[in-house]
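What follows is one structure encoded as structure tokens, with my remarks underneath.
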Amino acid sequence: MNTKGIKLLVTDLDNTLLRSDKTVSDYTVQVLERVRSCGILIAFATARDFRFVTEYITPRTGITPDILIANNGALACCDGVEICKKMIPSKTINALMAKFRLVRCVSTEDAYYLSGAYSNDHWSIGMKATIITDFSTEITETAFYIDGNTDISTLSLENDYPGVRAVSYSDIDIITVVHHEATKLNALNAVKNALNIQLSEIASFGDDYNDIEVIKNSGFGIAVANAIEEVKAASDFICDTNDNDGVAKWLAKNVF
């Protein structure tokens, strides 16, 4: 498989590019700088809120992506310009809040609405307001997502609310509900169309359920060694673990 035609590198963050302590090594930074010097664009594709990346991850790592796909695909930006955005109506958000055993977070354009049990230092950074709430008051804004704990199956949620989809994770017991068109793959398709890049020219790295579609549909799909088995089965390659510079090692071996 010829990997020399890659024009776009797409990588998940948690448990993929980032080490377990949410940092990257100097080696990884150097490899990504070399990738960019070769004319390859760098995209982060994450379940995290976009402000978490721009105001927390980028300052800690020194890496500013050319493209940011955030909120499980609800938002995609290229050089800070929005390419696509999929928001859940406030009416649906308020109906969903009653379905959760514990609402942990509702993320809107301007604020994080958080339960006290879910607040921690990184939520209070930057311009986005942090509002601690018991969710007894209605939210009047559209939202990127709502997440928390529920005893209702994801299938049941999606049947009751056809305008949304539910995302689950292998390493944490929460469900994130986003707009039904908000997927990493849909956002990536919007990005590649805007940039006139083919899926065959994209290399994608990931570790969890929400990475599988992107990995399957990219020209080069790569799972980190710590990925779940479903991701490995969908991938063309398996690289080293996130804590051992897996993404950077694969790039150094296959791109340069």
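Quick one: of the DSSP bridges fully inside the stretch 90-179, what percent are antiparallel, nearest 5?
80 percent
Quick one: 3J(HN,Hα) in Hz for the stretch 203-220, Karplus 6.51/-1.76/1.60 with θ = phi - 60°, rounded, Gly and Pro as x.
10, 10, 10, x, 9, 10, 3, 6, 9, 5, 4, 5, 4, 5, 9, 7, x, 9
Within the set of other residues whose C-beta is less than 15 Å from the C-beta of Thr92, count the net charge using Lys and Arg as +1 and Asp and Glu as -1.
Taking every Cβ under 15 Å from that of Thr92, the sum is -2.
If Lys and Arg each add +1 and Asp and Glu each add -1, what is the summed charge of the other residues whose beta carbon sits under 11 Å from the beta carbon of Thr176?
+1
Amide H to amide H, which residues 5 or more places from Thr108 or on other chains are under 5 Å from it, using H placed in the peptide plane?
Tyr113, Phe144
Starting from one equal scatterer on each C-alpha and no solvent at all, send me the Debye-based log10 I(q)/I(0) for the stretch 90-179 at q = 0.13, 0.22, 0.25 Å⁻¹, two decimals.
Once normalised to I(0) and log-transformed, intensities are -0.39, -1.13, -1.40.
Of all beta bridges DSSP finds with both residues in the chain, what is the antiparallel percent, to the nearest 5?
Of those bridges, close to 55 percent are antiparallel.
Let me make sure I get this right: for the stretch 154-256, a, b and c are the square roots of the gyration tensor eigenvalues over alpha carbons, sorted descending. Under 1.5 in a/c it's rounded, otherwise prolate if a/b > b/c, else oblate. Which is it?
Working: a/c = 2.85, a/b = 1.42, b/c = 2.01.
Oblate is the answer for the stretch 154-256, as a/c is 1.5 or above yet b/c matches or exceeds a/b.
Over 20 Å between Cα atoms: which of Lys192/Lys216; Lys85/Lys216; Lys7/Lys184; Lys85/Lys192; Lys7/Lys86 fall into that group?
Lys85/Lys216; Lys7/Lys86
Let me have the relative contact order for the chain, percent, based on Cα pairs under 8 Å that are six or more residues apart. Let's see the in-between values first.
Working: 545 pairs, mean separation 55.2, N = 256.
Relative CO of the chain lands at 22 percent.
Work out, step by step, the length gained on full extension between Asp151 and Lys91: first 0.36 nm times the residue separation, then minus their alpha carbon distance; give nm to one decimal.
Extra length from Asp151 to Lys91 when fully extended: 19.5 nm.
Just so you know, all these numbers are worked out from the coordinates, no wet-lab data involved. This structure is a prediction, so every number in the text was calculated from the model and none was measured. Heads up, the Cβs are rebuilt from the backbone with ideal geometry, glycines too, and the neighbour counts pull from every protein chain shown.
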